[in-house]
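Every number here is computed from the coordinates shown, using simple stated rules; none is lab data. For clarity, every value in this text was computed on a predicted model and none was experimentally measured. Note that we place each Cβ from the backbone using ideal geometry, even for glycine, and neighbour counts take in every protein chain shown.
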Amino acid sequence: MQKGEPRYRRIQRDLEDRLSRGLYPVGSLLPTEADLGFEFKASRFTVREALRKLTELGYVSRTQGRGTEVVSSNPRRSYLQSIQTLEELFQVALETWFVVHGTKRIVLDDELAKSVGGKAGEEWFCITGVRWTEPGGRSIAMIESYIPPRFEDQIDTLEQHRGAFFNLLEKHCGEPIEQVVQEIRSLAMPLRISRQLGLRPDALALQLLRRYITKDGVIIASFNWHPADEFVYKMTIDSNREAANK
């Protein structure tokens with residue numbers, strides 16, 4: 001281990017070497033966090049950070065309840081996201097770094113109201129910022145989060161919050177999130193977004209729109225603007241035909 005190098009970096013480098021040599025074939029699972037912690041004499045937190053780095057590099061995909069699956073033996077620039085539960089969305093917010101750029105009041109027009117789940121003419125709050133892999137790392141996405149007016153007293157708290165906005169708003173309103181609706185579109189990236197991400201004016205985007213809904217309605221809707229050539233969204237669909245045919 002190099003002098004001053006974080007312990008997780010050593011674990012990351014060792015695992016990268018094994019992956020590149022095919023010791024963990026594509027489609028196989030890495031050893032569990034507990035097993036890796038025992039092998040490297042490291043805490044689960046340290047192991048988890050090493051695995052997070054491997055995920056960013058595109059070597060592995062992590063799915064709750066399944067483990068860490070090998071998806072490539074070579075690193076890539078693409079940011080891979082595989083999310084199936086609210087807990088995994090919460091974990092993404094903790095494992096990355098969000099920098100708030102500003103907050104403003106927005107009067108919803110017909111199109112925006114339909115997208116965020118509000119009513120035309122309502123005044124919502126919009127918090128914008130960039131999500132990074134880590135401080136000093138690389139940008140993942142530009143995010144525009146729309147919050148309904150009933151949460152006005154939480155806006156200052158959100159701007160300072162470290163973690164998922166939806167989690168804080170859910171606790172504040174006291175109503176559990178019942179549904180998350182996600183829409184994915186391929187669009188020309190707006191100039192205001194491409195400038196923030198340091199991309200060319202003609203860049204293409206994958207826009208992920210997520211609406212978080214309780215029984216009382218939408219508590220937050222977020223537009224996530226990802227560079228189209230650097231983002232991979234992975235979804236696993238399990239077969240349940242037997243149950244469906246009963």
(Q) Treating only the Cα positions of segment 106-246 as identical point scatterers, give the base-10 log of I(q)/I(0) from the Debye formula at each q in 0.09, 0.12 Å⁻¹. (A) -0.33, -0.57
(Q) Can you list the DSSP H helices in the chain whose Cα atoms extend at least 15 Å along the helix axis and whose mean Kyte-Doolittle hydropathy is -1.0 or higher? (A) 44-56
Q. For His101, His161, what's the fewest-to-most ordering of other Cβ within 10 Å of each Cβ?
A. His101, His161
Q | Amide H contacts of Glu122 (H built 1.01 Å from N, under 5 Å, at least 5 apart or other chain) | A | Leu108
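Report the local net charge at Glu134: Lys and Arg +1, Asp and Glu -1, summed over other residues whose C-beta lies under 11 Å from its C-beta. If you can, show how the numbers build up before the last one.
On the way: positive: Arg52, Lys53, Arg131, Arg138; negative: Glu49, Glu56, Glu95.
Local charge sum for Glu134: +1.
Is the shape of segment 184-236 best called rounded, prolate or oblate, per the rule: a/c under 1.5 gives rounded, else a/b larger than b/c gives prolate, else oblate, with a ≥ b ≥ c the square roots of the Cα gyration tensor eigenvalues? Write out the running numbers ahead of the final one.
On the way: a/c = 3.35, a/b = 1.75, b/c = 1.91.
Here segment 184-236 falls in the oblate category.
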Q) For segment 156-193 and segment 23-51, what is the separation of their Cα centres, given in Å? A) 31 Å
Q. Let a ≥ b ≥ c be the square roots of the eigenvalues of the Cα gyration tensor of segment 6-80; is it rounded (a/c under 1.5), or, if not, prolate (a/b larger than b/c) or oblate?
A. rounded
Q. Once amide H atoms are built 1.01 Å from N in the peptide plane, which residues 5 or more positions from Trp132, or in another chain, come under 5 Å H to H?
A. Trp97, Phe98, Val99, Ile140
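As a footprinting exposure proxy, order Glu178, Glu16 by other Cβ within 10 Å, with the fewest listed first.
Values: Glu178 10, Glu16 18.
Fewest-to-most Cβ neighbours within 10 Å comes out as Glu178, Glu16.
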Q. Along segment 123-132, what does the Karplus equation 6.51 cos²θ - 1.76 cosθ + 1.60 (θ = phi - 60°) give for ³J(HN,Hα), rounded to whole Hz, x for Gly and Pro?
A. 9, 10, 9, 10, 9, 10, x, 10, 8, 10
(Q) Give me the dipole magnitude in Debye, nearest 20, for the chain about the Cα centre, with unit charges on the beta carbon: positive for Lys and Arg, negative for Asp and Glu. (A) 820 debye
Q: Grab the other residues whose beta carbon is less than 12 angstrom from that of Glu183, score K and R as +1, D and E as -1, and report the net.
A: +4
